[in-house]
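Have a look at the structure below before the remarks.
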Amino acid sequence: MLTTAELKRLRADVTFNTSLLGSEWTFRTTWGLFSPRAIDEGTHLLLDRLEISPTDNCLDLGCGYGPIGLSMARQAPQGKTLMLDKDFVAVRYSNLNAENNGIKNAEAILSNGFDQVDKNARFDLIASNIPAKVGKEMMSLILHDALHLLNPGGRLYLVTINGLRQYMKRNLNEVFGNYDKLKQGKSYTVALAIKEG
């Protein structure tokens, strides 16, 4: 049985420092969010493959406590970054981490997939560390909605477990008409699809 002091420690925020895309960060997280003690391998793999312009409007789907979205926002200071998560705790910590790290051009909102995004909004870059268990129905919605929300020439970067690699290749080719495997690591694969036209 845990003591009162041990329970109090578990209820306190988890805080860690890290370096992402050449910038130093302090993240506050909590138990129940994905990878609360450190940035996971898939996120590192994805971030290292992103090509971001200073004026890009970016979107992070499934933002968790914000490492991908906030990194994009810092790399695109003249653009805006929207971060989405279906977990209200994740949204709260993303916004908290934006404030604590001095990121003024990013905001997190509650959304199931893209369902709370203004249908007239357009983005230059969408990135996501997609959970393996979202299901094929949600994955179909994500890919079709991403295509709709991207500007012509806009990029969709996805990192998934290697077991979904062929599935993503097939579906990105079907929806976007193209697919590029940017990197396959030990456990994760980073894919890119571009909105043509």
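Points worth noting:
- Sole residue being in contact with a Gly (Cβ under 6 Å, 6 or more places away or on another chain) and small (Gly, Ala, Ser), chosen from ALA90, ALA76, ALA121: ALA90
- Summed over the range 1-47, residues that are crowded, with 16+ Cβ neighbours inside 10 Å, farther than 13 Å from GLY64 by Cβ and not hydrophobic (A, V, I, L, M, F, W, C) total 1.
- Selection from the range 106-121 of residues that are at pLDDT 95 or above and either over 14 Å from the mean Cα position of the chain (by Cα) or closer than 19 Å to PHE176 by Cα (or both): GLY113, PHE114, ASP115, GLN116, VAL117, ASP118, ASN120, ALA121
- Total residues in the range 166-191, condition among the hydroxyl-bearing types (Ser, Thr, Tyr), closer than 16 Å to ARG49 by Cβ and over 18 Å from the mean Cα position of the chain (by Cα): 1
- Of all residues making up the range 34-54, the number that are touching a residue at least 60 places away in the same chain (Cβ under 8 Å) and either in contact with a helix residue (DSSP H, G or I) (Cβ under 6 Å, 6 or more places away or on another chain) or not hydrophobic (A, V, I, L, M, F, W, C) (or both): 9
- One residue from SER19, SER94 being closer than 26 Å to LEU164 by Cβ and either among the polar types (S, T, N, Q) or modelled with pLDDT under 95 (or both): SER94
- Where SER19 falls short, out of the listed (1) farther than 24 Å from TYR188 by Cα; (2) without any contact (Cβ under 8 Å) to a residue 24 or more places away in the chain: (1)
- Just so you know, in the range 122-152 the residues that are at pLDDT below 95 and either touching a Lys or Arg at 6+ places or on another chain (Cβ under 8 Å) or part of a loop (DSSP other than H, G, I, E, B) (or both) include one that is nearest to LEU45 (Cα to Cα), and it is ILE130.
- Which listed residue is over 13 Å from the mean Cα position of the chain (by Cα) and of a type in the set (D, E, K, R), from ASP56, ASP60, ASP85: ASP56
The values are calculated or read from the model by the stated rules, or taken from the named source; none is laboratory data. What you see is a predicted model, and the numbers here were worked out from it, not measured in a lab. Backbone-built Cβ (ideal geometry, glycine too); neighbour counts: all protein chains shown.
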